[in-house]
Every structure is written in C-alpha cells, then in structure tokens.
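Taking it in order: structure first as structure tokens, then the write-up.
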Amino acid sequence: MRELLTTLRHLQDVEVAMELRIVEIAPDLLDKICRKLGIALKEEVQELQNSPVSKSVKRIHGAAGTARLTDRQVFALLQEIQGSRTASVMQAPKVTTHSGQRAVIEVSDKETYMVASRAEGGTPHREIISSGVRFAMQPAVSPDRRHVRLQFQGVLSTKDTPQVPIMPVQSRTGDDKAPLLTQFVQLPRYTTLAVERTFKLADSETMLLSCGTQLKKVPIHPSLSFLNGRVCQREQEMCILLLVTPRIIINEEEEKSFTGPQNVGRK
C-alpha cells in the first residue's frame, strides 16, 4: 500500500501543459500547404453520438482527418497561415494540468429558445443551446516521461443566422377532448463540429485534427467589400483544424534522474 501511494504521488508531481490552436482555412489552401510541407492527412469520419444539443436544431459534421506534426512543421504551417487572406488562427487557449487529471476549457454563449420536438409529442418547451467551443482533455504521462496518452474531446458550435424563424404549432394541454391551442415555436439552426479521439504523442509533438467544414461569409474580393453602399459577400466552405500539443513539465530532481545532471536546463 505504501508503494502504491508513493507511485500515485509520484505521478501527480508531473504536470502537462496543453497548447491548442483553432485554425480556419480554405480547403484548397490546406491541400496546397499540406503538399508543400509534406503533411499527410489520414482520412477519417466520425460523428459525436452523445451531443449536448438536440439534433432537431443543429447539424453534425465528423472529423475529416489527422496528422502528426513536428515543431518545425507547426511553425511552417502557422507562417503559411499568417500570410494568407483565406486562413486565420481563431483562438489559442492553453491549460496546465496534472498527469491523469481531466481539464475542461469552455468559452460559449447560451441562449434560451422555445422549441418543439417530436419525441415530446410536439409540445413546446424551453431549451438552452450553447454556441462556442468546449474542450475536455485528460493526459497521462508514460513512466519514462517521454510520451503522453491523451483523451481528447472537442465541440465547436456556431449559430448559422442571427435571425431565428418562428413557426405556429397546435397542441392540447389536457386530454384529447381539450381544445387545440396555437403556439409559436422558434427554429434555431446551429452547425456543430465535433471530434473525440484518444492518441499517444511524444513530448512536444503536435496532433493535427481536421474537424470538418462549415460555411462562412467572406468578401467577394479582398479589395471589394462594399459596392454602392451594400456589403458584397459570398459563402465559402472553410476547414476547421485543431492543433493539440502536450508539453511535459517535470521538476529539477526528476529531470536529473532521467537526463543526467549535465543536461539539466538544456532544451
């Protein structure tokens, strides 16, 4: 028992800094950059089954591919993105957690709607829907402190249009003999990109996750945003990428035992 407690304390002494980057990029530009940098996306398709939002008010897209990147490839990819008008780094959250501890990052807006679903007999009811991002991560460091096994879940949800259409529905509040009541329900539409993966990475290695695509309104031409006082926009399909990088943090005493005193402080 004493050895078990010592081992558990030893594991909890190790921390992992998780770096995430959310990238929005046009599909043709993504293909061009991947060919240039030698990045091979492994094609995959997956849908998130247990979703926090009812399927009646959203669309689900699965993950489209994965790839492992070195620090040099990540730097080159970000350099290519910064020099393009059809790509951008949307967010770059960071979190530090102990090995084996679950960490959650959520940045979202919640709105309440009056909706009706067939599962509940078409009876109008209130439903809270979130838009934004939510990530759940649980890293586990290997005994040699060189690899991280990561359980990762990510959900990115956006509202399709600011205006929410309404529709009249008729329902009875009591038995079948009760009169029909007409009520108005809202029809919000959300696009949700979801990914759920468990993978093993070397320390400071990056996993690229392609979460799917979504439509975005962009100017017809970079130099032509307005014409005769009207906004000139078109819809363009954009790929959403996640770059996940775990970095193991160990104390100086453990670093000496694994790398030797002469390597402490070196990178």
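The values are calculated or read from the model by the stated rules, or taken from the named source; none is laboratory data. Computed from a prediction, not measured in an experiment: that's the story for all the values here. Every residue, glycine among them, receives a Cβ derived from its backbone with ideal geometry; neighbour counts consider all protein chains shown. Quick note on the areas: whole protein, heavy atoms, side chains included, nothing else; ligands and nucleic acids left out. Shrake-Rupley method; radii C 1.70, N 1.55, O 1.52, S 1.80 Å.
Identify, by number, the condition in (1) at pLDDT 85 or above; (2) open to solvent by less than 80 Å² (accessible area, probe 1.4 Å) that ALA178 doesn't meet. The number of the failed condition is (1). When VAL169 is tested against (1) assigned to a strand (DSSP E or B); (2) closer than 21 Å to LEU242 by Cβ; (3) open to solvent by less than 80 Å² (accessible area, probe 1.4 Å), only condition (2) is not met.
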